[in-house]
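First the structure, in the form of structure tokens, and then the observations on it.
The values are calculated or read from the model by the stated rules, or taken from the named source; none is laboratory data. Quick caveat: nothing in here was measured; it's all calculated off a predicted structure. Cβ sites come from the backbone with ideal geometry, for glycine too, and all protein chains shown count toward neighbours. Only protein heavy atoms, including side chains, enter the accessible area calculation; ligands, DNA and RNA are left aside. Shrake-Rupley method; radii C 1.70, N 1.55, O 1.52, S 1.80 Å.
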Amino acid sequence: MSRKIVLTGDRPTGPLHIGHLAGSLQKRLELQDSCDTYIMIADAQAIPDNVDDINKIRTNIFEVACDYLAVGLSPEKCCIFIQSTIPQLPELAMYYLNLVTIERIGHNPTVKQEVKSKSFKNGVPAGFYLYPLYQVADITAFQANFVPVGKDQTPMIELTRDIVRKFNDTYKTNILIEPQAIYSKLNKTLPGIDGQKMSKSLGNAIYLSDEEDIVIKKIKKIKSDPLKISVDDCGDPDNVIAFTYLDIFDKDIGVVNDLKNRYRQGGLPDRVVKDRLIEVLLSLLKPIRENRKIYHSNRDQIYEILKLGTNIAIEKAKSTLNQVKSAIGISYY
Ligand code: TRP
């Protein structure tokens with residue numbers, strides 16, 4: 001049996017945070033051992049809402065690559081590359097555009113949400129509106145079976161599955177593969193320290209690169225249950241982000257359950273919960289931060305890894321594009 005293929009990616013708009021770690025990096029680490037894994041830094045997808053800040057994208061390509069390597073994604077096991085270096089991707093998207101309606105593209109809850117939060121001044125750029133379609137090209141170019149992503153990416157995977165079915169149906173072929181999303185144990189997006197979506201612009205993210213004192217400062221900002229006014233009051237752990245984080249990152253479920261029970265009964269100061277969270281997150285992030293520093297000081301090595309990744313990725317994408325063109329019937333010589 002041939003090995004399954006995994007493709008996933010991130011937009012390089014900021015360094016990666018613990019939401020990425022729980023949402024998809026941990027899953028990728030598992031998968032890189034058993035599957036052919038492609039990991040894309042989606043710089044082209046980051047351009048539509050950063051047209052006047054390409055520098056941010058350039059900088060963060062390097063930061064994200066350091067994050068990947070620091071958590072243990074290995075260039076020996078997976079192919080890490082930059083989206084814009086693979087010209088076959090937009091070419092594939094050009095053909096897929098014929099298999100989807102404008103209306104279907106418009107019905108994407110993630111894009112709708114993003115459009116709302118970004119409040120574009122002069123209307124939504126077409127490139128932004130269409131990015132899910134380009135993402136279909138990303139996924140199918142590598143014949144991915146699995147796409148480890150956060151829940152917010154579900155509409156893109158569904159679109160991919162639809163287009164793959166439509167393509168195979170229309171051109172009487174089976175060359176394109178219907179991918180499956182793979183989710184982590186997180187069943188929703190990990191919130192930021194203030195309970196809102198974790199994002200750079202809200203300043204509520206804990207980054208993999210954060211120094212210890214910063215992590216501690218951020219954890220201390222987490223609010224307690226608003227109904228728990230004094231230490232003796234009963235609290236609801238479900239209303240406290242510190243518990244949400246413990247649920248995800250603390251390997252000792254017994255300790256977390258005990259803290260939750262005491263929190264419910266009243267008498268447990270939030271400080272105790274936060275101290276536990278500080279202990280758990282600092283020990284999780286320490287090796288990552290240390291690895292990261294080493295990679296960060298080796299710029300040439302990082303770009304060498306990315307270049308090698310591009311060479312491998314381009315071959316795969318070319319082969320898919322050739323098959324797609326033959327299936328359509330536009331292969332002439
Ligand atoms: N949309 C993804 C994000 O916002 C990034 C991405 C681009 C991606 N292409 C992809 C993810 C293909 C999975 C598969 O982070």
Sort 112-122, 141-151 for me by packing, meaning the mean count of neighbouring Cβ atoms within 10 Å per residue, highest on top. 141-151, 112-122
Label-point separation, residue 110 to residue 294 (7 Å along Cα→Cβ), nm: 3.3
Counting only DSSP beta bridges fully inside the chain, the antiparallel percentage to nearest 5 is 10
Might you work out the accessible area of residue 94 for me, using a 1.4 Å probe with all protein chains in place, and round it to the nearest 10 Å²? 100
On the protein heavy atoms, probe 1.4 angstrom, tell me the percent of accessible surface of segment 212-293 carried by carbon and sulfur. 52
In straight Cα distance, which lysines are under 17 Å from residue 4, not counting same-chain residues fewer than 8 positions off? 27, 77, 316
Mean Cβ neighbour count within 10 Å, used as a protection proxy, ranking 72-80, 193-201 highest first: 72-80, 193-201
Angle check, please: helix 299-328 long axis (alpha carbons) against the longest principal axis of the chain (alpha carbons), in degrees 0 to 90, nearest 10. 50
Multiply the residue separation of residue 33 and residue 271 by 0.36 nm, subtract the distance between their alpha-carbon atoms, and state the gained length in nm to one decimal. 81.7 nm
Among 23-30, 253-260, what's the highest-first ranking by average C-beta atoms within 10 angstrom per residue? 23-30, 253-260
Per residue, how much accessible area does the chain have with a 1.4 Å probe, in Å²? 49
What are the ³J(HN,Hα) couplings of segment 9-26, residue after residue, when phi is run through the Karplus curve with 6.51, -1.76, 1.60 and θ = phi - 60°? Round to Hz, x for glycine and proline. x, 9, 7, x, 10, x, x, 7, 10, 5, x, 5, 4, 6, x, 8, 5, 5
Angle in degrees between helix 270-296 and the longest Cα principal axis of the chain, rounded to the nearest 10: 40
In Å and whole numbers, how far do the C-alpha atoms of the chain stretch along each principal axis, longest first? 78, 46, 44
Dimensionless Rg ratio for segment 219-312, taking C-alpha atoms and the 2.2 N^0.38 Å reference: 1.57
Among the aspartates and glutamates, which fall within straight-line cross-link reach of residue 251, defined as a Cα-Cα distance under 13 Å, with same-chain neighbours fewer than 8 residues apart omitted? 279
Roughly how tilted is helix 54-71, in degrees to the nearest 10 and between 0 and 90, from the longest Cα axis of the chain? 70
